[in-house]
Every structure is written in structure tokens, then in C-alpha cells.
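Undergrad: Just dropping this structure here.
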Amino acid sequence: MDLDLYLKLSGYSQKGVKLYMNNQLATAEQIVRKMSMKEDVDYMADIIDDENGRIRQIRYDPVIRN
């Protein structure tokens, strides 16, 4: 497991930032475990902020390759 990513996402989550993976609410642990699996899928984080620039969501979605 990527401990650095886990700690980073856990910190955001504790501050009220919602974490998503594949359009579903997820925990930091679920995201890190899924990303550490050897699959043919890459994920990109999209950071959603509010009108004041505060991070409200971090969304991990698969990267579509053509």
C-alpha cells in the first residue's frame, strides 16, 4: 500500500473532503488498495473546489485511452 497517498487522502477526509472512486464514495484505504492493484487501468485525480478555493471533493476516475 502507498502509505504516503493513504496519509494524504486520510488527512483530506478528516477535514471533510469527500473522496470518490469510479463515481462512488470511497475511503482513503479503498482508493489506495484499488490503485495499487496491478490492473490495466490508470486513475487520475480530479480536485473539485468551491467558490472560495477550498477543496470539497477528490475524484479518482479511470483514464480512457484510445
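Undergrad: When you look at Lys38, is it in a loop (DSSP other than H, G, I, E, B), at pLDDT below 95 and either of a type outside the set (S, T, N, Q) or surrounded by 14 or more Cβ atoms within 10 Å (Cβ to Cβ) (or both), yes or no? Working first, answer last.
TA: Values: in a loop (DSSP other than H, G, I, E, B): yes; at pLDDT below 95: yes; either of a type outside the set (S, T, N, Q) or surrounded by 14 or more Cβ atoms within 10 Å (Cβ to Cβ) (or both): yes.
Yes: the conditions hold for Lys38.
Undergrad: Right, here's the next one. Do we find that Gln14 is in contact with a Phe, Trp or Tyr (Cβ under 7 Å, 6 or more places away or on another chain) and either exposed (fewer than 10 other Cβ atoms within 10 Å of the Cβ) or not basic (Lys, Arg) (or both) in this structure?
TA: No: the conditions fail for Gln14.
Every residue, every condition in (1) touching a Lys or Arg at 6+ places or on another chain (Cβ under 6 Å); (2) at pLDDT 90 or above; (3) under 17 Å from Asp2 (Cα atoms); (4) of a type in the set (Gly, Ala, Ser), yes or no:
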{"residue": "Gly16", "(1), (2), (3), (4)": "no, yes, no, yes"}
{"residue": "Asn23", "(1), (2), (3), (4)": "no, yes, no, no"}
{"residue": "Arg56", "(1), (2), (3), (4)": "no, yes, no, no"}
{"residue": "Asn66", "(1), (2), (3), (4)": "no, no, no, no"}
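Undergrad: Scan Tyr20, Tyr12, Tyr6 and give me the residue that is in a strand (DSSP E or B) and among the aromatic types (Phe, Trp, Tyr). Please lay out each step first, then the result.
TA: Values: Tyr12 fails: in a strand (DSSP E or B); Tyr6 fails: in a strand (DSSP E or B).
Selected residue: Tyr20, the only one of Tyr20, Tyr12, Tyr6 that is in a strand (DSSP E or B) and among the aromatic types (Phe, Trp, Tyr).
Undergrad: What are the pairs with Cβ atoms under 8 angstrom where one residue, in the stretch 1-22, is within 27 Å of Ile64 (Cβ to Cβ) and the other, located anywhere, is aliphatic (A, V, I, L, M) and surrounded by fewer than 17 Cβ atoms within 10 Å (Cβ to Cβ)? Sequence gap at least six, or different chains.
TA: Matching pairs, first to second residue: Tyr12/Ile55; Val17/Ile55; Lys18/Leu25; Leu19/Leu25.
The values are calculated or read from the model by the stated rules, or taken from the named source; none is laboratory data. Worth saying up front: this structure is predicted, and the values here are computed from it rather than measured. FYI the Cβ positions are ideal-geometry reconstructions off the backbone, even for glycines, and counts take in every protein chain you see.
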